[in-house]
1. Could you tell me which numbered condition Ser221 fails, if it satisfies all but one of (1) modelled with pLDDT of 80 or more; (2) over 17 Å from Lys99 (Cβ atoms)?
2. Between a first residue in the stretch 238-250 that is within 14 Å of Ser282 (Cα to Cα) and touching a residue at least 24 places away in the same chain (Cβ under 8 Å) and a second residue that is open to solvent by 30 Å² or more (accessible area, probe 1.4 Å) and outside any helix (DSSP H, G or I), which pairs have beta carbons less than 7 Å apart while being 6 or more apart in sequence or on different chains?
3. Starting from the stretch 44-70, take each residue that is more than 13 Å from Tyr294 (Cβ to Cβ) and list its partners that are among the charged types (D, E, K, R), counting only C-beta distances under 8 angstrom and pairs at least six apart or across chains.
4. Give me a count of the residues in the stretch 84-101 that are open to solvent by 50 Å² or more (accessible area, probe 1.4 Å) and in a helix (DSSP H, G or I).
5. Out of all the residues in the stretch 217-235, which are open to solvent by 60 Å² or more (accessible area, probe 1.4 Å) and of a type in the set (A, V, I, L, M)?
6. Please work out which residue is farthest from Lys273 (Cα to Cα), limiting yourself to the stretch 163-181 and to residues that are surrounded by fewer than 22 Cβ atoms within 10 Å (Cβ to Cβ) and touching a residue at least 24 places away in the same chain (Cβ under 8 Å).
7. Mind checking which residues of the stretch 120-131 are assigned to a helix (DSSP H, G or I), open to solvent by less than 50 Å² (accessible area, probe 1.4 Å) and either more than 24 Å from Ile299 (Cα to Cα) or not hydrophobic (A, V, I, L, M, F, W, C) (or both)?
Amino acid sequence: EAPPVDTAAMKDREVELEKARVLQKQIADREKLLATLEKQPYWFNYLAAFVGSVASTLVMHPVDTIKTRLQVKQERFDDEEDDHNLLTLYEGLTGNILKEGPPSALYLGVYETVKYALLPQFGADYKLLVYLVAGAAGELVGSIVRSPAEAIKSTVQSGITGSASEAAIQLFGTVESRKNVVRAWSSSVWRDVPFGAIQLAIFELLKAYILNNPDIDFDSSTLLSEALIGAFAGGFGALLTNPFDIITTRIITQSTGDNDSDAKPLGVLEMAKKVYGEGGHSAFWVGWQARVGYWAPAISIFLTCYCSVRQAGVQNNWF
């Protein structure tokens, strides 16, 4: 007599096989897409990053204004100013687009170039290292453009000047003020390079982990998935680097001593000591909610638009 057939076990087996087939198809489709993306000209990476950055900045600029005002604690933004027109939150928009557009294009353009150069040499076992190095290299190059633009943007947002042109004159009009911009850049490197490396490493690794895990029923290749993963990566990276964001903003908005011979501009370590003296460890986390609240959706929009533009190139056979 033949043994009874375990129909439940057979169904479970069929379900597992179907999951495996779907997973293999997703992996094959992803590898095909990546191979096609790699063949796109490098200039297109820069263009896609620029488009994503401008879109993200236009949406998120008001939150960035609130964060900057919290950090510099300008008295002109007390309660009596709360009923001002919302358009005041778009002060410094031009500077912010200049701060984020070209540097972000350099950031992802250099990232993709370095990543494609290093991956064949180091292999899959060192993907985390490759992503971190490529992200750090891209952000370091981008920071050369971002730092002076950020100085203009923060000066306008904090209410020190009324326009980007006035801010540029104040920031670059004297030797001492130009030195202060360099000080701010040295601080921003400590903030932006780790931030740029961390967020892209998390973004790439999470997508790969989800795609290769059969127990996770979540398609990481869709734009919605990339938006959610990008939000997590951006928010986590922003939280870790908030202390250096505080220091950078305070350096940018400090007096350069042009009108006060007793005022000596502070560098990174000196400003860190001053911030600590004013409020201890908690002083380095002022505005972290606004920073995370800004960068989580900002990076989500940025990377989603970036991936959308590049995938549009694939779908429409532009290259």
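The values are calculated or read from the model by the stated rules, or taken from the named source; none is laboratory data. Model, not experiment: these values are computed from the prediction. Cβ coordinates were reconstructed from backbone atoms using ideal geometry, including for glycine residues, and neighbour counts include every protein chain displayed. We work out accessible area using only protein heavy atoms, side chains counted, and drop any ligands, DNA or RNA first. Shrake-Rupley method; radii C 1.70, N 1.55, O 1.52, S 1.80 Å.
1. The failed condition is (1).
2. As it stands, the answer is Ile246/Val286, since those pairs meet every condition given.
3. Pairs that qualify, where the first residue is more than 13 Å from Tyr294 (Cβ to Cβ) and the partner is among the charged types (D, E, K, R), are Phe44/Arg310; Asn45/Glu112; Asn45/Arg310; Ala48/Arg310; Ser53/Glu100; Val54/Glu100.
4. The qualifying residues number 5.
5. Leu223, Leu224, Leu228
6. For the stretch 163-181, the residue satisfying everything is Ala164.
7. Selection gives Tyr131 alone.
Here's the yes/no breakdown for (1) open to solvent by less than 10 Å² (accessible area, probe 1.4 Å); (2) at positive phi; (3) under 16 Å from the mean Cα position of the chain (by Cα):
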residue	(1), (2), (3)
Val145	no, no, yes
Ile152	no, no, no
Arg183	no, no, no
Ile198	no, no, yes
Ala201	yes, no, yes
